[in-house]
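This report refers to the structure that appears directly beneath it.
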């Protein structure tokens, strides 16, 4: 997996956590975005929109794809 996508996802998750008043945590590829960060589904949607803007890619163009972790989300943008 391209490390730059993992880094981009981590940075974006931390950015949205800050916007939501949450303290930053150490994120790993295996971090569950909703379970481990305190973010809710609306914040997750914001993360996806921000990633689409940053990468100019829409991995959900043909429908929603299930993901839970930083690595899983990064892999969608890498493809």
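The values are calculated or read from the model by the stated rules, or taken from the named source; none is laboratory data. Remember, it's a predicted structure, so these values are computed and weren't measured experimentally. Please note: Cβ atoms are built from the backbone with ideal geometry, for glycine as well, and neighbour counts cover all protein chains shown.
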Note to self: Condition first: assigned to a loop (DSSP other than H, G, I, E, B), surrounded by fewer than 13 Cβ atoms within 10 Å (Cβ to Cβ) and in contact with a helix residue (DSSP H, G or I) (Cβ under 9 Å, 6 or more places away or on another chain). Can you find one or more residues in the range 4-23 that meet it?
What the structure shows: yes
Notebook entry, point to check: Within the range 8-16, can one find any residue that is at negative phi and modelled with pLDDT under 95?
Noted result: no
Item checked: Positions within the range 40-59 being in a loop (DSSP other than H, G, I, E, B) and either exposed (fewer than 12 other Cβ atoms within 10 Å of the Cβ) or within 9 Å of the chain's Cα centre (by Cα) (or both), in sequence order -> 40, 56
Checklist line | Residue pairs meeting the criteria (Cβ under 6 Å; at least 6 apart or on separate chains; first free of Cβ contacts under 8 Å to residues at least 60 places away in the same chain and at negative phi, in the range 21-49; second surrounded by 11 or more Cβ atoms within 10 Å (Cβ to Cβ) and outside any helix (DSSP H, G or I)) | finding: 22/38; 30/69; 32/68; 32/69; 43/20
Margin query: Exactly one of these conditions fails for residue 67: (1) modelled with pLDDT of 95 or more; (2) under 22 Å from residue 3 (Cβ atoms); (3) in a helix (DSSP H, G or I). Give me its number.
Written below: (3)
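Would a scan of the range 35-57 turn up a residue that is touching a strand residue (DSSP E or B) at 6+ places or on another chain (Cβ under 6 Å) and modelled with pLDDT of 95 or more?
no
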